[in-house]
Each structure stands twice: as C-alpha cells, then as structure tokens.
Amino acid sequence: MKLEKINLSDKFEKLPVGDYAVGLIAKMNDYDFKIVKFKGEFVWHSHPETDETFIIIEGTLVMNFKDRKVEVHAGEMIVIPKGVEHKPSSETGYKALLIEPEGVPNTGNIQSEITIANPEWV
C-alpha cells in the first residue's frame, strides 16, 4: 500500500459493473478497509469472531435483523456486533466502506456463491 490519500469516488469507479462488487482499498494493522456496492438481497449470516462496520457513502442500506430492520443512510454508519445474524439489503442500492479484520469473508459463517474471502485491490 502506498502512502497517499485515497479518493473513494475514484475507487468506486474501478469496481466491476453490476449490482454487487467488493474491493480492498487499504489496510491498517490487521484490518481491511473495503468498498462495496450492492443492490438486492444479501444472505443471512453472522461473523462469530468479529464485529463489522458499515459506513454508508451513497444510497440506503437496510440492515435486517431477526427482530427488526435498521435503515442506514448516506453519512451514517452501523456496527454489527460479532455473532449477530444479519442480512443487508437495498432496493435502490448503496455504496459503503466496510471495516473488518483482514481475511474475514463477506458472508461470514455461510458459504455461498457470493462469498468473497479475499477481495482484490482497487
């Protein structure tokens, strides 16, 4: 990783076209900073060993929990505690910055066709 500023808009433009993409943009200690764009319904999952942070850059994320839903809008963030089952969704799509320990698969404890254990650098 180079010692320079990171422009999130530029990084989002480098993600593949489509409703779902993840890219690695920085590392700090043992943490990954990932950008994600997503539209649709994700899978129910949890991260048994770690918390997970979503900072919404654009759009609206609906974080579904077993007992409620939380809407997270641009300029807001949510921290999902370790072990809490959740399912991100968005009818209109969102762009977010995710912060989590390196090597954490996006689908946590669930193996799926959308599992990305090691996202590529963008």
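Coordinate-derived values only; no laboratory data. Here the structure is a predicted model, which is why all the values come from computation and not from measurement. Here the Cβ positions follow ideal geometry from the backbone for every residue, glycine too, while neighbour counts run over all protein chains shown.
Residue 31's amide H: which non-local residues (gap 5+, or another chain) put their own amide H closer than 5 Å, with H modeled 1.01 Å from N in plane and none for Pro or chain starts?
Those qualifying (amide H under 5 Å, at least 5 residues apart or on another chain) are 102.
Let me know the charge dipole size of the chain about its Cα centre in debye, to the nearest 20, where only the beta-carbon of Lys, Arg (+1) and Asp, Glu (-1) is charged.
160
With unit charges on the beta carbons (Lys and Arg positive, Asp and Glu negative) and the dipole taken about the Cα centre of the chain, which residue among 114, 60, 45 sits farthest to the positive side?
Looking along the dipole axis, the top candidate is 60.
Full-extension gain between residue 118 and residue 74, please, as 0.36 nm times their residue separation minus the C-alpha to C-alpha distance.
Full-extension gain reported as 13.3 nm.
Suppose R0 equals 30 Å; then what is the FRET efficiency for residue 19 and residue 110 from their Cβ-Cβ distance, rounded to the nearest 0.05?
Efficiency, from the Cβ-Cβ distance: 0.95.
With the Cα gyration tensor of the range 1-49 in hand, convert its eigenvalues to equivalent ellipsoid semi-axes via √(5λ) and list them largest first in whole Å.
22, 18, 6
Using the C-alpha atoms of the chain, what convex hull volume per residue, in cubic angstrom, is computed? Before the final figure, lay out the partial values.
Values: hull volume 12.4 nm³, N = 122.
Cα-based convex hull of the chain, divided per residue, equals 101 Å³.
Taking the Cα centre of each part, how many Å lie between the range 79-122 and the range 1-75?
Going from one Cα centre to the other spans 7 Å.
Less than 15 Å apart at the alpha-carbon level, and either on another chain or at least 8 residues along: which aspartates and glutamates does that give for residue 69?
Within the straight-line cut-off, residue 69 pairs with 41, 85, 91.
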